[in-house]
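The values are calculated or read from the model by the stated rules, or taken from the named source; none is laboratory data. Keep in mind that this is a model prediction, so the values were computed, not measured. Here Cβ is always computed from backbone atoms with ideal geometry, including for glycine, and neighbour counts include all displayed protein chains. The protein model used for the area step is the full one, side chains on, heavy atoms only, and it has no ligands, DNA or RNA in it. Shrake-Rupley method; radii C 1.70, N 1.55, O 1.52, S 1.80 Å.
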Amino acid sequence: MQMNREKALEDAPLQDLLAILLRQYRQLLAQHDVALTEADIRLLALRLAEGTLPEADALPIRLALITLVEESEQVLARWSLTFEQALKTDMADMPGWETTAEFLELATEKGNAELRIASAAALIAALGDMRYAGHLLAAVDHDPHEIETVVARWVLSQACGVNPRAGNWQERIEGYLRRVYS
């Protein structure tokens with residue numbers, strides 16, 4: 001069953017994957033004065049996949065998503081963790097829990113922060129801002145078969161002109177990012 005899910009994600013059109021991520025953010029974006037209808041999401045996903053979204057339309061969404069990433073990074077910072085460190089930290093090694101209920105609450109909080117960072121960073125990159133490219137690479141390396149990391153791979157590939165199925169994909173992406181953003 002896992003293989004079918006992975007294959008479906010890998011074969012799905014980028015537009016469809018972007019729409020799924022945008023739907024997940026509809027309520028959070030609305031809290032930041034970015035209201036999106038279902039029709040808006042479909043059109044936005046199409047324009048993002050095509051690379052035709054005007055900057056004026058991208059800016060408010062990107063700013064709201066950046067705020068959401070920063071808020072989630074602050075959640076992880078309470079445990080002195082960066083996003084990359086959090087991905088590598090097993091829940092059993094997390095401080096601040098003694099009971100099963102505390103463990104579950106902490107796991108939910110940590111997991112939600114990690115997921116928000118990864119998925120929002122993918123959308124931010126799709127919106128033309130590569131500030132979280134390092135987060136995206138870490139997420140892809142951690143679990144390449146989640147929807148946000150499949151989107152991250154496609155978005156990074158488009159931005160860097162690298163085939164997303166290239167055997168040396170990560171090396172090529174990192175090289176491009178060093179050359180262009182250093």
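Key figures for this structure:
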{"read-out": "Computed lengthening from R26 to T52, 0.36 nm per intervening residue step minus Cα-Cα distance", "value": "7.3 nm"}
{"read-out": "Whole-percent carbon and sulfur share, accessible surface of the range 1-62, 1.4 Å", "value": "56 percent"}
{"read-out": "Student exercise, the chain dipole from Lys, Arg, Asp, Glu Cβ charges, in Debye to nearest 20", "value": "580 debye"}
{"read-out": "Rh (Kirkwood; distinct C-alpha pairs) - the range 109-180, Å", "value": "12.0 Å"}
{"read-out": "Full-stretch length increase - H142, N168 - with 0.36 nm per residue and alpha-carbon distance subtracted", "value": "7.7 nm"}
{"read-out": "Average accessible surface area per residue within the chain, 1.4 Å rolling probe, Å²", "value": "54 Å²"}
{"read-out": "Alpha-carbon gyration tensor eigenvalues x 5, square-rooted, for the chain, Å", "value": "26, 20, 17"}
{"read-out": "Spin-label pair R5/L106, simplified geometry with 7 Å Cα→Cβ offset, distance in nm", "value": "2.6 nm"}
{"read-out": "Mean Kyte hydropathy of 0.5 or more with a Cα span along the axis of at least 27 Å, helices from DSSP in the chain", "value": "55-77, 100-126"}
{"read-out": "Protection proxy ranking, peptides 75-84, 59-68, average beta carbon neighbours within 10 Å, highest first", "value": "59-68, 75-84"}
